[in-house]
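Report on the following structure.
The values are calculated or read from the model by the stated rules, or taken from the named source; none is laboratory data. This is a predicted model, so every value here is computed, not measured. Note that each Cβ is placed from the backbone with ideal geometry, even for glycine, and that neighbours are counted across all protein chains shown.
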There are 2 protein chains.
Amino acid sequence: MIGAAAGWPLDDRGAAYGDGLFETILVRDGRPRLWDEHLARLARGCHVLGIPMPAEHELAAPLAEAGEGLAVLKLTLTRGSGGRGYRPPADPAPRLRWQLSPFAPQESRWEEGVRIRHCRLRLGIQPLLAGLKHLNRLENVLARAEWSDDAIAEGLLCDSEGRLVEATAMNLFWQRDGQLETPRLARCGVAGTLREALMERLAIAEVDVGPEALLAAEAVWVANSVQGAWPVVRLDAADGQPVGRWSLGPAHRDFQAEAHRLLGYPPPAST
Amino acid sequence: MIGAAAGWPLDDRGAAYGDGLFETILVRDGRPRLWDEHLARLARGCHVLGIPMPAEHELAAPLAEAGEGLAVLKLTLTRGSGGRGYRPPADPAPRLRWQLSPFAPQESRWEEGVRIRHCRLRLGIQPLLAGLKHLNRLENVLARAEWSDDAIAEGLLCDSEGRLVEATAMNLFWQRDGQLETPRLARCGVAGTLREALMERLAIAEVDVGPEALLAAEAVWVANSVQGAWPVVRLDAADGQPVGRWSLGPAHRDFQAEAHRLLGYPPPAST
């Protein structure tokens, strides 16, 4: 991993309170994918948290360090130091750090699909922070700690009122009666950049539904801007009992092809 | 401020996800107040997050750096580095950092009481994390950013279902029909160490109530283990309109005296 040498000072508010934001960006041959969507989400987060948005050239500077091939650039922006306790400083000096790592997608998951499970943890409802990729991610960490079986690729999260939201590190999509759907993220969850880009290109309805909606789905996917789209072939309950199975078909591949076009990944093999 | 020289490495999970815990401890002449309560809360947090609890002598080591007089010791414990994304490492190597700062309590707030307000932000409900002093504190930061008038000492927080929980950095107590009460913290909020110690010594009922309970109170306080207990003389709505006023009386002073005994602060002047 190549990274800016400096870590975080002891008094940084990101380290103290999770008072900041991050973006995880797929980079191919030094060029970022979905850059506009990443900038837009970061800018939304800065607006909500009251952190000045860095200039684009500052955010893009680490790309010069990326060589040929695939890498992931992680940008972390905090409110910096200062303030009295939780109270933010009136004139914050934000702090930006980056990490660049080589990356290879998990192609077998594209081809064969994945098994996922329901998590026990329910996401708290916080409309102020919904959609943002902020640094308060203990819910994701605890949800991901619910299983250690590598055969299970992701875990689904509902909110505290039982609505489907997302997977621990990916967004969730499905097709029901021919209609593409994804959970509305007005109360919690992270609005992924691939999700944003897909919603501009495909007719995807944002819905408030419980997990029973998945049982009526012809196809289900989990997807993000780094891994692409994984078709779901099996869904387990939190206790390990299977509650849904799907056979891969053309609908799976069409959605996947659109996601992979956006990320510069090869089109899926036809099923 | 005296602190361990090192900050946080770029890949520390505390800085990345708020994956850790902290304690803020009042220290007098090198001796911590409510040490057992701080250790107990940290241990509870370690148990819930799955972070190994450091040995007491490691946690106490920074106390040797504190000189005469009052100081605040902040201990921050993270899960350390490692893991794949949100997934915690199977064998975490926790990282402990500390900061020691001189401290002087705000005596005028003890004597004259304080004005507080309701916050607009509602706390998300997350029973798994309720009571813990973890590093995901963006809600507290955003709530504290709602006002900048120094005449307002604290802001009250309700949960997303409208129940009273706490103030942004203090717990909340009141007396109603002669009975001491404090919000139950089963769904969200931080269980303060002074609150724990007071509940062992006084008959304080934990209740699930909305903010209207305060209007029926004879006395209201906000309190924590560093500042002691501030009697509330005025409560404003989020729009600045006053919704409650209290005159200081013997009930205020009795509760305050108990809190200050626990912290080694002088007893309040009689009213």
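Structural remarks
- Within the stretch B:222-270, the residues that satisfy the criterion of being under 30 Å from B:LEU39 (Cβ atoms) and part of a loop (DSSP other than H, G, I, E, B) are B:SER225, B:VAL226, B:GLN227, B:GLY264, B:TYR265, B:PRO266, B:PRO267, B:PRO268.
- In this structure, A:GLY162 does satisfy being small (Gly, Ala, Ser) and at positive phi.
- Residues that are on the phi > 0 side of the Ramachandran plot and in contact (Cβ under 8 Å) with a residue 40 or more places away in the chain within the stretch A:78-103 comprise A:GLY80, A:GLY82, A:GLY83, listed in sequence order.
- Of the set (1) crowded, with 21+ Cβ neighbours inside 10 Å; (2) farther than 30 Å from A:GLY30 by Cβ; (3) not aromatic (Phe, Trp, Tyr), all apply to A:PRO268 but (2).
- Residue match in the stretch B:60-69 (condition: of a type outside the set (D, E, K, R), over 24 Å from B:ARG261 (Cβ atoms), in contact with a Lys or Arg (Cβ under 9 Å, 6 or more places away or on another chain) and not assigned by TED's automatic domain parsing to the domain that holds B:GLY131): no
- Condition met for B:LEU75 (in contact (Cβ under 8 Å) with a residue 40 or more places away in the chain, within 14 Å of chain A (Cβ to nearest Cβ) and not in a helix (DSSP H, G or I)): yes
- Pair list, Cβ under 7 Å, 6 or more apart: the stretch B:225-243 residue aromatic (Phe, Trp, Tyr), other residue in a loop (DSSP other than H, G, I, E, B): B:TRP230/B:GLY113
- Residues of the stretch B:29-76 satisfying the condition of being more than 17 Å from B:TYR265 (Cα to Cα) and of a type in the set (D, E, K, R): B:ASP36, B:GLU37, B:ARG41, B:ARG44, B:GLU56, B:GLU58, B:GLU65, B:LYS74
- Single match in A:ARG41, A:ARG31 (criterion: under 19 Å from the mean Cα position of the chain (by Cα), more than 13 Å from chain B (Cβ to nearest Cβ) and farther than 24 Å from B:LEU21 by Cα): A:ARG41
- Only one of the numbered conditions (1) modelled with pLDDT of 95 or more; (2) surrounded by 17 or more Cβ atoms within 10 Å (Cβ to Cβ); (3) out of contact with any His (no Cβ under 8 Å at 6 or more places or on another chain) is violated by A:GLY83, and that is (1).
- Of residues in the stretch B:12-25 being within 14 Å of chain A (Cβ to nearest Cβ) and either outside any helix (DSSP H, G or I) or at pLDDT below 95 (or both), the one nearest to B:SER225 (Cα to Cα): B:THR24
- Screening B:LEU75 against (1) within 19 Å of the chain's Cα centre (by Cα); (2) closer than 30 Å to A:ASN224 by Cβ; (3) surrounded by 18 or more Cβ atoms within 10 Å (Cβ to Cβ) leaves a single unmet condition, (2).
- Looking only at residues of the stretch A:120-179 that are part of a strand (DSSP E or B) and over 21 Å from A:LEU194 (Cα atoms), we find that the one that is nearest to the other protein chains (Cβ to nearest Cβ) is A:LEU121.
- From the list B:ALA191, B:ALA186, the lone residue that is within 21 Å of B:LEU121 (Cβ to Cβ), touching a residue at least 24 places away in the same chain (Cβ under 8 Å) and under 13 Å from the mean Cα position of the chain (by Cα) is B:ALA191.
- Only residues that are part of a helix (DSSP H, G or I) and among the small types (Gly, Ala, Ser) were counted across the stretch A:185-203, and they come to 1.
A quick yes/no check of all residues on (1) part of a loop (DSSP other than H, G, I, E, B); (2) closer than 12 Å to A:ARG95 by Cβ; (3) at the interface with another protein chain (Cβ under 9 Å from one of its Cβ atoms); (4) touching a helix residue (DSSP H, G or I) at 6+ places or on another chain (Cβ under 8 Å):
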{"site": "A:LEU10", "(1), (2), (3), (4)": "yes, no, yes, no"}
{"site": "A:VAL27", "(1), (2), (3), (4)": "no, no, no, yes"}
{"site": "A:CYS46", "(1), (2), (3), (4)": "no, no, no, no"}
{"site": "A:ALA61", "(1), (2), (3), (4)": "no, no, no, no"}
